[in-house]
Amino acid sequence: MSGFIIGRIKSIKYAVKGFFLLLTTENAIISQSVIALVFIGLGFYFEIGKMDWALQIMAIGLVLSIESLNTAVEKVCDFIHPEHHEKIGFIKDVASGAVTFAALTAFAIATLIYGPILME
C-alpha cells in the first residue's frame with residue numbers, strides 16, 4: 001500500500017514539474033495562458049453565469065491540454081529525427097491540426113458566451 005501512495009506522490013511531482021516546464025519554456029503555452037487569463041478577466045467583468053464559466057474553463061483546458069500534447073509530440077519527433085523528414089513533418093502537422101480543432105472549439109464557445117453580451 002505504501003508503494004502505491006509513493007507512486008502517486010511521484011506521479012503528482014512529475015505532473016507539476018511538466019506543468020511548470022510548459023509554462024516557463026513553451027511560447028505557445030505561455031501565449032495561450034495569457035489569452036486564457038484575458039478571458040477569465042472578461043468572465044469576471046461581464047459576470048458570466050455558472051454554465052458559461054464551465055464551458056469557458058473546459059475550452060481553456062482543452063486548448064492548453066492539446067497544445068501540451070502537441071508540444072510533446074514535436075519534442076519526440078525532433079528527438080527521433082532531428083533533421084527534416086517528410087513523415088515526421090506529417091506527424092507534426094497532424095498534431096498541430098489537433099490544436100487547431102481545439103482552438104476553433106474554444107473560439108466557438110467564446111462567441112456563444114460573449115457574442116450576445118457584446119451585441120447588447
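Remark: pairs (first residue in region 105-120, without any contact (Cβ under 8 Å) to a residue 60 or more places away in the chain; second residue surrounded by 13 or more Cβ atoms within 10 Å (Cβ to Cβ); Cβ separation under 6 Å; 6+ apart in sequence or on different chains) = Ala106/Ala59; Ala106/Val63; Ile109/Leu55; Ile109/Ala59. Within this structure, Ile6 passes the test of being surrounded by fewer than 11 Cβ atoms within 10 Å (Cβ to Cβ) and modelled with pLDDT under 95. Does region 56-64 contain at least one residue that is closer than 20 Å to Gly115 by Cα, in contact with a Ser or Thr (Cβ under 7 Å, 6 or more places away or on another chain), touching a residue at least 24 places away in the same chain (Cβ under 8 Å) and in a helix (DSSP H, G or I)? Among the residues of region 56-64, at least one is closer than 20 Å to Gly115 by Cα, in contact with a Ser or Thr (Cβ under 7 Å, 6 or more places away or on another chain), touching a residue at least 24 places away in the same chain (Cβ under 8 Å) and in a helix (DSSP H, G or I), which makes the answer yes.
Within region 1-53, being without any contact (Cβ under 8 Å) to a residue 24 or more places away in the chain, under 29 Å from Ile113 (Cβ atoms), of a type in the set (D, E, K, R) and in a helix (DSSP H, G or I) holds for one residue alone: Lys50. Looking across region 67-104 at every residue that is free of Cβ contacts under 8 Å to residues at least 12 places away in the same chain and among the hydrophobic types (A, V, I, L, M, F, W, C), the one that is nearest to Ile30 (Cα to Cα) is identified as Ala72.
Within region 98-117, is there a residue that is in contact with a His (Cβ under 7 Å, 6 or more places away or on another chain), over 21 Å from Lys17 (Cα atoms), of a type outside the set (S, T, N, Q) and surrounded by 13 or more Cβ atoms within 10 Å (Cβ to Cβ)? The answer is no; no qualifying residue exists.
The values are calculated or read from the model by the stated rules, or taken from the named source; none is laboratory data. This is a predicted model, so every value here is computed, not measured. No Cβ is skipped: glycine too gets one built from the backbone with ideal geometry, and neighbour counts run over all protein chains shown.
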